[in-house]
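The values are calculated or read from the model by the stated rules, or taken from the named source; none is laboratory data. Please read these numbers as outputs of a predicted model, since none were measured by experiment. Note: ideal-geometry Cβ built from the backbone for every residue, glycine included; neighbour counts use all protein chains shown. Remember, those area values only see protein heavy atoms, side chains included, never the ligands or the DNA or RNA. Shrake-Rupley method; radii C 1.70, N 1.55, O 1.52, S 1.80 Å.
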Amino acid sequence: MTAATGRTVPFFAPDLFDTEREALLAALYEVGTDPEQKFILGRRTARFEEALRDSLGAGDVVACSSGTSALTLVLAAMDIGPGDEVVVPAFGCAPLASTVLSCGATPVFADVDPVTLTMDPDHAEQLLTARTRALMPAHMFSVMADMPRLRDLASRAGVRLVEDAALAQGGTLRGRPAGLWGDAGVYSFVQVKVFGMPGEGGVVLSADAGLADRVRMLRNHGQDGRHRFLHHRIGHNSRFDEVMAAFQLHRLAGLEERVARRNAICSYYSEHLADLREDGVAAPPAGGDGRFPYVYTLLCEDRDGLRDHLAAEGIDTHVYYPRALPEQPAFAPHARPGGQWPRARDAARRNISLPLYPHLTDERVEHVVTAVRAFAHGRKP
Ligand SMILES: *Cc1c(COP(=O)(O)O)cnc(C)c1O
């Protein structure tokens, strides 16, 4: 860290909720003193689901306890289990593999596109077998997966499409929001996500009423919401918190503005970093359709050198993810023998993400850009 605190740029900002602290305390007081004393799955959760559904034009929205749990509920609602295969990207977060394994099915790892870092539809197609039940692509960092082609592939193959949009809230592709391309999609509200909150939570989005009903049942021990202690299905405990529902309802109106500010920072990064490819620093594809502003991820041969250089300039960075999923100790035994994912492995070796949040000041964004450029040019022969 440099001594000049004005020049230090955290990656995980500790002050994400500072301007909303009053609203958070008000939500806590309101729920805590409500004579109803209902702290999960109450009327605020129902209102939050409706508000999100209406703002997105979604068929149904079901709130649950996390993005990971949302994926688990979707797979369970699709009756995916032992003997079934789900094609997932080889580069991404652990829940893409662990949720499939937890329901007894087998993840099949597709390599990623080297530029978008999302599931390569051609490789996914090559991996289909008679056991394949679903494709589960994820939008990665700031680029949506190729949903039109994956939608088409899923339809042709007669398999379900589960869209992991955990970090892609605010993105749209061909006018359709991220999360609404799959038979079911999910968002996560964990702290750092685009609509992150100070707690755990997520949602399932689906236009398939039967599927959404099953998810709603599964999130609360397989009950139907009318008959207590009547368990129709083997369910889960994946309920949503009323304080968080009140807080998110309050903040929903400001989401668009926060996404716009994140988009502006993304655009600035792109304008000033897109020309560094020749110098060994590759920016994501420029803004436009199918982009969303989660974090801004560069690919760099000397990733650790860039990381050290930025740290010396007081800029925190983050590596999502340092290993391809099928090379993780937990998942390697379940990967198809002889599987190849050279581009996922390459992405794991080269990725580095820059800070991105709505209250990142112009001055700090400029400081990041200047430091990345200095590194790239310093390395020119
Ligand atoms: C964060 C994330 C999840 C998991 O969400 P949690 O709410 O942390 O459980 C799943 N998939 C992707 C792509 C994510 O980024």
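Express in % the proportion of alpha carbon pairs of the chain at distances exceeding 31 Å. Walk me through the intermediate numbers first.
Numbers: 27228 of 72390 pairs.
Tail of P(r) above 31 Å: 38 percent of Cα pairs.
List, in order, the whole-Hz ³J(HN,Hα) value for each residue of segment 45-50 obtained from phi through the Karplus relation with A = 6.51, B = -1.76, C = 1.60 and θ = phi - 60°; use x for Gly and Pro.
Running phi through 6.51 cos²θ - 1.76 cosθ + 1.60 with θ = phi - 60° gives 4, 4, 5, 5, 4, 5 Hz.
Can you grab the distance from the C-alpha centre of segment 237-309 to the C-alpha centre of segment 186-218, Å, no decimals?
Cα centres, segment 237-309 to segment 186-218: 20 Å.
5 Å is the cut-off here: which amide hydrogens, built 1.01 Å from N in the peptide plane, fall below it relative to Tyr296, excluding neighbours closer than 5 in sequence?
Correct list: Leu354.
Between Phe11 and Glu327, what is 0.36 nm times their sequence separation minus the Cα-Cα distance? Round to one decimal in nm. Walk me through the numbers on the way to the answer.
On the way: separation 316, 0.36 × 316 = 113.76 nm, distance 2.62 nm.
Going from the current span to full extension adds 111.1 nm.
Using 7 Å Cα-to-Cβ label points, what is the Arg261/Asp122 separation (nm, one decimal)?
Simple spin-label model gives 4.2 nm for this pair.
Can you tell me the FRET efficiency between Gln340 and Ala274 if r is taken as the Cβ-Cβ distance and R0 is 30 Å, rounded to the nearest 0.05? Provide the component values of the computation, followed by the final result.
Values: r = 30 Å, r/R0 = 1.00.
Once rounded, the FRET efficiency stands at 0.50.
Given a Förster distance of 35 angstrom, what is the FRET efficiency for Arg156 paired with Asp289, based on the Cβ-Cβ distance and rounded to 0.05?
Computed FRET efficiency for Arg156 and Asp289: 0.90.
Output the antiparallel fraction of DSSP beta bridges having both residues in the chain, as a percent to the nearest 5.
60
Would you work out what percent of the accessible area of the chain, with all protein chains in place, is carbon or sulfur (probe 1.4 Å)?
The value for the chain is 51 percent carbon and sulfur by accessible area.
Rounded to whole Å and sorted largest first, what semi-axes of the equivalent ellipsoid does the C-alpha gyration tensor of segment 255-378 yield via the square root of 5 times each eigenvalue? Please list the in-between numbers first.
Values: eigenvalues 152, 66, 36 Å².
Rounded to whole Å, the semi-axes are 28, 18, 13.
In nm, what is the difference between 0.36 nm times the number of residues separating Ala130 and Glu363 and their Cα-Cα distance?
Working: separation 233, 0.36 × 233 = 83.88 nm, distance 5.47 nm.
Extending this stretch completely gives an extra 78.4 nm.
Using amide H atoms built 1.01 Å from N in the peptide plane, name the residues 5+ places from Ile315, or on other chains, whose amide H lies under 5 Å from its own.
HN-HN under 5 Å from Ile315: Val9.
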